[in-house]
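Everything below concerns the one structure shown next.
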Amino acid sequence: MGNRSPIIVTENLTKHYGPVVAVQDLNLEIYEGEVFGLLGPNGAGKTTTILMLLGLTEPTSGRALVAGLDPTRNALAVKRLVGYLPDNVGFYDDLTAKENLLYTGRLNQIPEAELEQRIKTALEQVGLADHGDRKVREFSRGMRQRLGIADLIVKDPRIFILDEPTLGIDPEGVRELLNLIVRLSREKGKTILISSHLLHQIQQICDRVGIFVAGRLLAVGPLETLGRQVMAGKPLEIELQVEPFNHDLLEVFRSLEGVDRVESQGPYIRLRCAKGKDIRPQLTGLLAERKVSILHLRARGHDLDDIYLEYFQGEGRI
Amino acid sequence: MKEWQAKLKEFINWWREAFSSSGGLKVIFLKELADNLSSTRMGILFSLVAVACLSALYVAAQSIRQSVGQEETSFVFLRLFTTSGGSLPPFISFLSFLGPLLGLALGFDAINGEYNKRTLSRLLAQPIYRDDVINGKFLAGIAVLAIMIATLGLLVAGLGLVFIGVPPRGEEIGRMLAYLIVSIIYVAFWLSISLLFSLLFRQAATSALAGIAVWLFFAIFAPMLAGIIADGLFPVTDESPPELVLRNAVWKQNLSRLSPTTLYDEATLYLLNPGIRTLGPVLIQQVIGAIPGFLPLSQSLLLIWPHLVGLIAGTLIIFALAYYYFMRQEIRTS
């Protein structure tokens, strides 16, 4: 991120709903122009955090700063800077897509003459140009979600906050949506905060991610460093599928130096290496000797799913 | 010179920052107004009330025409609103009974509807003050109700003119306008009740039912209940002393005045019947020497002043409660 300054800062941000802890001592810095992914399971406190950033919920203690402004005191100024796409966004069903956008545009005090143009471009950008005059009632889930993005494009804020934007959309729709988000970030330099529990989708477009479990931020960083953090001090696990498979192979693996444990699980064989060992180079040669071909080989702990799982299982230990 | 100008400018800027609206109120007001006016719900209700009131007018005009020459002809124009004919109750009874329904219909899903459509969080994330939403909805509701009631009232006045052919005098017009304004306040009371219920109940159906329950209670059960309580406190038999009878009657009336429906009915009765001087129990001694005649408008207004203040206060208290709940409500959608 280099010399860029943080645009969203939270300092020991905490929110309790009665005895329930929604967010505990959150310290986060998000830089101008980056795509930040806030990842965590449902109920981890992601939405609460977002509402606090917008000044829609007051923190129990600690504070948030958005572009130097405190959302609880300068709610209006913050809401001018931030565009928010709520999780499962809703529109007025009886109005057309254009009328819905007009309403938010007017609430944002955008001059009528300019508004018309902005709505047209926004609808084109999200691929709804032909559906502007249709009632939102007839829209599919994916179209609503795209209309939600168009809503933000019309507002044209500095910061986009998207809560679970890909939920319930088909894979093709997700791909389009993510492309759109990436374009916003790359071409217009917008800061984008995405919250999600769907890792695979978000992983491709985030500059940095924060993993959020049970109200606490467990790890922050670019994906690669997160991977390294998790791998540090943890033995490598290899997932393997071979053809032809027989149980003698398991014995062969067990006898290998540097292998701690071998187990078969469905079509897969799992090998756990001793600490600091990596037997992958030997493995290929070994199998080739026996005329066994490898169908699948994966080192676990290197993609976000594993990181995510690791943090979930490791909850409380870390 | 320069200095005070700078200070003035500073003050104006501060004033603007502190008190200027976000502009959201106007936008929300206009949108809600358009929504209400174009909704099917409003169309159905307005037709229902209009049909009821116009048929009442027709019957009233018929019976006035038949009785021409036999009865007192002063304030004949106002009698359009108060005369019942055949099996139909008069215009004011219809409006008193159906008016609350209009108010309830406009507000019962005002806030929980936004919540269920999941538009509330998106709306509140726009740069507007939070109270703009509830204020805008309330004001738009009142505007729609005012338009409807004024339309009905003027329609009746115009058609009445055609039917009976007697032009209204200035005082009659004044009384009619006062009647329409009181009606608007009364219906606004029901709007604020339904707005409150739309905050207290997440389901639109629950909130509508709660509103209807309160309406039926005030319209039908409250007067009965007042009678039961008064009779319980001061049991009256044929041989009871007059003080007890009087006390029973006064209690009965005052208890039933806790209901806004009673307040409204009494207020409209005073307004549209200039001959009525009091609705409470009257002793013969008090009437001796009184010259029968009509009260001027100002005196009738004086009589209903407490009723008016009661209705306005009730409306404001309920709205303040709704406002309080709305400002404190968590807006989480999940």
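Throughout, read-outs are computed from the coordinates displayed, never taken from laboratory work. In this text the structure is predicted, and so the values were computed from the model without any measurement. For neighbour counting, all protein chains shown are included, and Cβ atoms are generated from backbone atoms with ideal geometry for every residue, glycine included.
Three principal axis extents of the range B:48-189 based on alpha-carbon atoms, in descending order, are 67, 31, 20 Å.
Quick one: Cα convex hull volume of the protein assembly as shown, Å³ per residue?
Numbers: hull volume 181.4 nm³, N = 652.
Expressed per residue, the convex hull around the Cα atoms of the protein assembly as shown is 278 Å³.
Most tightly packed first, judged by the mean number of other beta-carbon atoms within 10 Å of their residues, the peptides A:58-66, B:302-310 read A:58-66, B:302-310. Seen from A:K79, the other residues with C-beta closer than 14 Å to its C-beta sum to a net charge of +2, counting Lys and Arg as +1 and Asp and Glu as -1. Since only A:G189, B:T262, B:Y325 are under comparison, the one whose Cα sits farthest along the positive direction of the charge dipole of the protein assembly as shown, derived from C-beta charges on Lys, Arg, Asp and Glu, is A:G189.
For the range B:120-278, what ratio Rg/Rh do Cα atoms give with a Kirkwood hydrodynamic radius?
Values: Rg = 21.2 Å, Rh = 19.3 Å.
On the Cα set of the range B:120-278, Rg over Rh gives 1.10.
Proximity of backbone amide H atoms, modeled 1.01 Å from N, is registered between A:A274 and A:V259, A:D260 at under 5 Å, excluding neighbours fewer than 5 places apart on the same chain.
Quick one: putting +1 on the C-beta of Lys and Arg, -1 on the C-beta of Asp and Glu, what dipole do you get for the range A:99-196 around its Cα centre, in Debye to the nearest 20? That gives a dipole near 220 debye.
Determine the percent antiparallel among the DSSP beta bridges restricted to chain A, to the nearest 5.
Beta bridges within chain A, antiparallel portion: roughly 65 percent.
As a size descriptor, the averaged projected area of the C-alpha convex hull of the range A:6-221 was calculated at 11.5 nm². Here's how it looks for A:R216: its modeled amide H is under 5 Å from those of A:Q24, which are all 5 or more places away or on a different chain. Please report the spacing between the Cα centers of the range A:1-38 and the range B:121-197 in Å, no decimals. The distance from the Cα centre of the range A:1-38 to that of the range B:121-197 comes to 48 Å. Between B:I147, B:I12, B:I164, the residue with the greatest mean-square fluctuation in the GNM of chain B (Cα pairs under 10 Å linked by springs) is B:I12.
With a/c under 1.5 counting as rounded, go ahead and sort the range B:23-328 into rounded, prolate or oblate using the C-alpha gyration tensor (a ≥ b ≥ c being the square roots of the eigenvalues; past the cut-off, prolate if a/b is larger than b/c, else oblate). Cα axes put the range B:23-328 in the oblate bin.
Which value, in debye to the nearest 20, gives the size of the charge dipole of the range B:168-295 about its Cα centre, when Lys and Arg are +1 and Asp and Glu are -1 at the Cβ?
Working: 7 positive and 8 negative charges, 82 e Å.
Rounded to the nearest 20 debye, it is 400 debye.
For A:T57, the residues 5 or more places off, or on other chains, whose built amide H falls under 5 Å of its own are A:M52.
Beyond a 23 Å Cα-Cα separation, which of these cross-linked pairs lie in this structure: A:K79/B:K26; A:K98/A:K155; A:K46/A:K234; A:K190/B:K31; B:K9/B:K31; A:K46/A:K120? Display every interim value, and only then the final one.
Numbers: A:K79/B:K26 18 Å; A:K98/A:K155 14 Å; A:K46/A:K234 28 Å; A:K190/B:K31 30 Å; B:K9/B:K31 34 Å; A:K46/A:K120 32 Å.
Listed pairs above 23 Å: A:K46/A:K234; A:K190/B:K31; B:K9/B:K31; A:K46/A:K120.
Once every DSSP H run of n ≥ 4 in chain A is given -39500 (n - 2.57) and the sum is divided by its residues, what mean residue ellipticity at 222 nm do you get, rounded to the nearest 500 deg cm²/dmol?
Working: 11 runs with 117 residues, N = 318.
Calculated from helices alone, the mean residue ellipticity at 222 nm is -11000 deg cm²/dmol.
Restricting to bridges with both residues inside the protein assembly as shown, how much of the DSSP beta-bridge set is antiparallel, in percent to the nearest 5?
Numbers: 38 of 56 bridges.
Taking every DSSP beta bridge with both residues in the protein assembly as shown, the antiparallel ones total about 70 percent.
Computed from point charges on the beta carbon alone (+1 for Lys and Arg, -1 for Asp and Glu), the dipole magnitude for the protein assembly as shown about its Cα centre is near 800 Debye. Helix-only mean residue ellipticity at 222 nm, chain B, DSSP H runs n ≥ 4 weighted -39,500 (n - 2.57), per residue, nearest 500. What is it? So the calculated ellipticity at 222 nm is -25000 deg cm²/dmol.
Within chain B, helices built from complete DSSP H runs that reach 15 Å or longer along their own axis (Cα positions) and carry a mean Kyte-Doolittle hydropathy of 0.5 or higher are B:24-38, B:40-66, B:91-107, B:130-164, B:170-200, B:204-216, B:222-233, B:297-328.
Projecting the Cα atoms of B:L98, B:W251, B:I193 onto the dipole axis of chain B, where Lys and Arg carry +1 and Asp and Glu carry -1 at the beta carbon, places B:I193 farthest toward the positive end. Distance from the alpha carbon centroid of the range B:205-277 to that of the range A:129-180 works out to 57 angstrom.
For the options A:H296, A:H16, A:H131, a Gaussian network treatment of chain A with springs between C-alpha atoms closer than 10 Å singles out A:H296 as fluctuating the most. Comparing mean-square fluctuations of B:A230, B:A290, B:A205 from a GNM of chain B with C-alpha springs under 10 Å, the top value falls on B:A290.
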